[in-house]
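Inspection log for the structure reproduced underneath, given as structure tokens.
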Amino acid sequence: AQKVTQAQTEISVVEKEDVTLDCVYETRDTTYYLFWYKQPPSGELVFLIRRNSFDEQNEISGRYSWNFQKSTSSFNFTITASQVVDSAVYFCALRGAGGTSYGKLTFGQGTILTVHP
Amino acid sequence: SAVISQKPSRDICQRGTSLTIQCQVDSQVTMMFWYRQQPGQSLTLIATANQGSEATYESGFVIDKFPISRPNLTFSTLTVSNLSPEDSSIYLCSVARTGGANEKLFFGSGTQLSVL
């Protein structure tokens with residue numbers, strides 16, 4: 001069975017602070033895929049990143065960066081210099097390999113991020 | 001990315017009735033999925049909508065309660081039948097773009113259902 005744990009239920013920061021959202025996963029698959037999504041108050045899920053298990057390079061996209069540590073089964077997400085518009089619920093998700101897993105994501109419980117001006 | 005239109009965006013329904021949610025994609029996709037997000041909870045996959053054949057349901061979800069249609073490669077509907085307050089959730093349609101190593105899963109804006 002697969003499992004994604006986002007231990008931080010809510011985080012509150014002041015604008016311009018850096019913030020890291022934690023994600024720990026469990027899977028028996030040797031190949032798997034990890035995702036982060038943002039859900040702003042409007043409700044839609046916005047795709048942020050997809051990481052393959054066989055690619056352990058960390059990634060930076062503007063103010064966003066992701067730290068993939070296979071040894072600790074973690075895929076943490078950092079927002080640098082946070083802004084009010086970053087306020088949202090952030091979900092980490094996992095998909096196993098294989099055709100039958102196509103499109104089937106296991107989501108974490110989500111972390112509510114509030115950025116205060 | 002993918003442009004996914006979901007209708008209705010929200011609805012309030014009476015117990016015992018049904019609601020049909022539509023999902024339209026801007027281009028053909030092989031696979032479409034329906035997820036449920038219960039209040040304050042994470043997302044759970046309901047089923048995979050297969051074009052030309054019956055949907056594939058995840059454990060805990062059955063066709064009688066959640067009938068799904070997929071008449072073509074750009075459209076699907078999810079019906080939530082015999083509504084009860086426990087069905088109050090956000091229902092989201094999703095599609096997968098590109099296969100294999102570059103697969104990305106995109107979501108519609110969701111349908112917020114409240115059952116009285």
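Listing for the model above:
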item	result
Residue within the stretch B:2-16 that is more than 9 Å from chain A (Cβ to nearest Cβ), touching a helix residue (DSSP H, G or I) at 6+ places or on another chain (Cβ under 8 Å), of a type outside the set (Ser, Thr, Tyr) and open to solvent by 10 Å² or more (accessible area, probe 1.4 Å) present	yes
Matching entry among B:Ser27, B:Ser59 (being open to solvent by less than 70 Å² (accessible area, probe 1.4 Å) and part of a loop (DSSP other than H, G, I, E, B))	B:Ser27
Sole exception among (1) free of Cβ contacts under 8 Å to residues at least 60 places away in the same chain; (2) over 30 Å from B:Ser89 (Cβ atoms); (3) of a type outside the set (Gly, Ala, Ser); (4) surrounded by fewer than 16 Cβ atoms within 10 Å (Cβ to Cβ) for A:Asp18, by number	(1)
Members of the stretch A:34-83 that are in contact (Cβ under 8 Å) with a residue 60 or more places away in the chain, in a strand (DSSP E or B) and more than 14 Å from chain B (Cβ to nearest Cβ)	A:Thr78, A:Ile79
Positions within the stretch B:1-24 being assigned to a strand (DSSP E or B) and among the hydrophobic types (A, V, I, L, M, F, W, C), in sequence order	B:Ile4, B:Ile12, B:Cys13, B:Leu19, B:Ile21, B:Cys23
Any hit, the stretch A:78-98, residues being closer than 26 Å to B:Thr44 by Cβ and open to solvent by 70 Å² or more (accessible area, probe 1.4 Å)	no
Index of the failed condition, B:Ile21 passing every other in (1) within 23 Å of A:Tyr37 (Cβ to Cβ); (2) in contact with an Asp or Glu (Cβ under 8 Å, 6 or more places away or on another chain); (3) not charged (D, E, K, R)	(2)
Matching residues in the stretch B:77-95 - criterion: being β-branched (Val, Ile, Thr) and within 12 Å of another protein chain (Cβ to nearest Cβ)	B:Ile90, B:Val95
Qualifying residue in the stretch A:107-116 (condition: touching a strand residue (DSSP E or B) at 6+ places or on another chain (Cβ under 8 Å), touching a residue at least 60 places away in the same chain (Cβ under 8 Å), under 15 Å from A:Asp29 (Cα atoms) and within 14 Å of another protein chain (Cβ to nearest Cβ))	no
The stretch B:42-52, subset in a loop (DSSP other than H, G, I, E, B) and touching a residue at least 12 places away in the same chain (Cβ under 8 Å), residue farthest from A:Gln2 (Cα to Cα)	B:Gly52
Test: residue in the stretch B:42-64 that is aromatic (Phe, Trp, Tyr) and within 14 Å of chain A (Cβ to nearest Cβ)	yes
Identity of the residue in the stretch A:1-15, assigned to a loop (DSSP other than H, G, I, E, B), out of contact with any Leu (no Cβ under 6 Å at 6 or more places or on another chain) and under 20 Å from A:Lys104 (Cα atoms), that ends up most open to solvent (accessible area, probe 1.4 Å)	A:Ala1
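The values are calculated or read from the model by the stated rules, or taken from the named source; none is laboratory data. As the structure is a computational prediction, the values presented were derived from the model and not from experiment. Glycine also receives a Cβ, built like all others from the backbone with ideal geometry; neighbour counts cover every protein chain displayed. Side chains are part of the model used for accessible areas, which takes the heavy atoms of the whole protein and leaves out ligands, DNA and RNA. Shrake-Rupley method; radii C 1.70, N 1.55, O 1.52, S 1.80 Å.
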